Amino acid sequence: MPDFESIVDDIYEAAAEPDCWPRIMHDIAKVVEAAGGALIARRADAWLGWRCSSALEKGADAFFSSGGLERSQVLSRLLAFNRAGFVTDQEGFQEGFTEEEYAEEPVIKEWCAPNGIHHCTATAVPIPNGDLVVFQIKRRKGEPPFGPAELARLDALRPHLARAGLLAARWRLERLRSATEALATLGVPAAILDVEGRVLAANGLIEELASHHVWMPRDRIALIEPAADKLLRRAIADLGDPAAASVRSFPSKGAGDRPVVMHLIPVTGNARDLFGGGLGVLAVTPLSRPSALDAALVQSLFDLTPTEARVAGSLAEGLTLDQIAERHKVKLSTVRSQVKSVFAKTGSNRQSQIVALLAATQNFTLQLVEEAPV
């Protein structure tokens, strides 16, 4: 059996290094002669990350990624106990559940059974910042359920598990703050948002852009320009899906004379990061300088393809769609399709907006040009 003090030391080590959790959950399971353990984290009512010891790895990613816990009654029953200790499956499902019905529970049927697991015990640890961490210990099928003496051993470890969860959340916040300050040293106004649009960290540069945004209740940020704010809301809604097609770079006029481009960059990383999923860095690129924007910069600013970047440059020059088609030796219908894509990705709906956004030279005088029919 692993040494108690060594396990406690390892628990605090894992607070700073999440990749240690599979080994530590294995050692905790050995304290009560179980097969293995798992740590699952939730933020903003979304299950974001998990770590499992080797005995429970089979099918874990597929189960959690597919919303397995949302289909299960395990969490609601566990939270209903409101206990600062471990709860056994016998306690949690002894009312209104036959053994056959318990076997059909999604947690058991889709995750535990394929690993040869049956009896479980778990504890939920609420973190003051709204995060929730669930620790589960599981035994193989055919082995007896957990008894009072074994729960007492696990409960002795629970305060350390709870403090490790709190430390992990605090250290994560400090890392986010450090990231925004690093961007500030590069002159980039930035904030880090979660999947609900809450600002978790922001540097002083973005706080100075009062002509573009306002602070809302519950640490939320909103853009003053309605069209830009609508695009920001849409991008935030898609933070949990890095492959989503929402516009993530778009212009914002704000209330002053300093137009900017807002970029919401998803932080993907490891899909099983305990608290890191569904984050986005909101970075701001000022466009107050009248210097030229080359095609490569235009392409990177707005996620354009090389062809779309060339079309955007042609629009900024004031060319008509016919002239663009002739210049690039393509059909007019092809140009129309490309212009639609440019408009969508830049958050524009008329050629004059593209001109204002992508002024071609330092001596270029911004003016309204004939709208490009699309």
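The values are calculated or read from the model by the stated rules, or taken from the named source; none is laboratory data. What you see is a predicted model; the values in this text were computed from it and never measured. Here Cβ is always computed from backbone atoms with ideal geometry, including for glycine, and neighbour counts include all displayed protein chains. Side chains are part of the model used for accessible areas, which takes the heavy atoms of the whole protein and leaves out ligands, DNA and RNA. Shrake-Rupley method; radii C 1.70, N 1.55, O 1.52, S 1.80 Å.
Check every one of the helices (runs of 4 or more DSSP H) wholly within the range 22-93 and list those with 3 or more residues that are under 24 Å from residue 172 (Cα atoms). Before the answer, list the steps.
Working: elements: 60-65, 74-81, 89-93.
Output list reads 60-65.
Residue under question is residue 94, and the condition is that it be touching a Pro at 6+ places or on another chain (Cβ under 9 Å) and either in contact (Cβ under 8 Å) with a residue 24 or more places away in the chain or within 23 Å of residue 32 (Cβ to Cβ) (or both); does it hold?
no
Return yes when residue 19 is open to solvent by 40 Å² or more (accessible area, probe 1.4 Å) and free of Cβ contacts under 8 Å to residues at least 40 places away in the same chain and no when it is not.
Considered against the rule, which asks whether it is open to solvent by 40 Å² or more (accessible area, probe 1.4 Å) and free of Cβ contacts under 8 Å to residues at least 40 places away in the same chain, residue 19 comes out as yes.
Hey, can you tell me all the residues within the range 117-140 that are touching a residue at least 60 places away in the same chain (Cβ under 8 Å) and assigned to a loop (DSSP other than H, G, I, E, B)?
130, 131
On the basis of being open to solvent by less than 10 Å² (accessible area, probe 1.4 Å) and out of contact with any Phe, Trp or Tyr (no Cβ under 6 Å at 6 or more places or on another chain), does residue 191 make the cut?
So residue 191 passes the test.
Checking the structure you have, find out if any residue of the range 211-220 is under 27 Å from residue 51 (Cβ atoms) and at pLDDT 80 or above.
no
Kindly indicate whether residue 177 is touching a Gly at 6+ places or on another chain (Cβ under 9 Å), at pLDDT 80 or above and under 30 Å from residue 134 (Cβ atoms).
So residue 177 fails the test.
Mind counting the residues in the range 131-154 that are surrounded by fewer than 20 Cβ atoms within 10 Å (Cβ to Cβ) and under 32 Å from the mean Cα position of the chain (by Cα)?
Final tally of qualifying residues: 1.
Tally time: how many residues in the range 36-76 are modelled with pLDDT under 80 and open to solvent by less than 10 Å² (accessible area, probe 1.4 Å)?
2
Suppose we filter the range 179-202 for residues that are closer than 10 Å to residue 279 by Cβ and of a type in the set (Asp, Glu); how many remain?
Adding up the residues that qualify gives 1.
Give the range 96-142 a look and list any residue that's closer than 15 Å to residue 63 by Cα and charged (D, E, K, R), or say none.
Once the filter is applied, which keeps residues that are closer than 15 Å to residue 63 by Cα and charged (D, E, K, R), the range 96-142 yields 104, 105, 109, 110.
On the given criteria, is residue 83 farther than 19 Å from residue 50 by Cβ and open to solvent by 70 Å² or more (accessible area, probe 1.4 Å)?
yes
Pick from 88, 123, 185, 180: which is among the β-branched types (Val, Ile, Thr) and open to solvent by 50 Å² or more (accessible area, probe 1.4 Å)?
That would be 185, the only listed residue that is among the β-branched types (Val, Ile, Thr) and open to solvent by 50 Å² or more (accessible area, probe 1.4 Å).
Name the residue that is modelled with the highest pLDDT, counting only residues in the range 254-288 that are under 30 Å from residue 167 (Cα atoms) and among the β-branched types (Val, Ile, Thr).
The residue in question is 281.
So how many residues does the range 99-116 have that are part of a helix (DSSP H, G or I) and among the small types (Gly, Ala, Ser)? Talk me through it step by step, then tell me what you get.
Of the residues in the range 99-116, the ones part of a helix (DSSP H, G or I) are 99-103, 106-115.
Next cut, among the small types (Gly, Ala, Ser) only: 103, 113.
Looking only at that region, the number is 2.
I need the full set of residues from the range 91-120 which are surrounded by 17 or more Cβ atoms within 10 Å (Cβ to Cβ) and on the phi > 0 side of the Ramachandran plot, in order please.
Answer for the range 91-120, where residues must be surrounded by 17 or more Cβ atoms within 10 Å (Cβ to Cβ) and on the phi > 0 side of the Ramachandran plot: there is none.
Looking for whichever is part of a helix (DSSP H, G or I), without any contact (Cβ under 8 Å) to a residue 40 or more places away in the chain and within 21 Å of residue 86 (Cβ to Cβ) here; the options are 149, 164, 156, 168. Which one fits?
Just a single option satisfies the conditions, and that option is 149.
Assuming residue 251 fulfils every condition listed in (1) touching a residue at least 40 places away in the same chain (Cβ under 8 Å); (2) more than 24 Å from residue 50 (Cβ to Cβ); (3) part of a helix (DSSP H, G or I); (4) touching a helix residue (DSSP H, G or I) at 6+ places or on another chain (Cβ under 6 Å) apart from one, which condition is it?
(3) is the only condition that residue 251 fails.
Taking the range 179-231 as the region of interest, how many residues are assigned to a helix (DSSP H, G or I) and touching a strand residue (DSSP E or B) at 6+ places or on another chain (Cβ under 6 Å)?
So the answer is 6.
Looking only at the range 164-208, count how many residues are under 30 Å from residue 24 (Cα atoms) and of a type in the set (Asp, Glu).
Adding up the residues that qualify gives 2.
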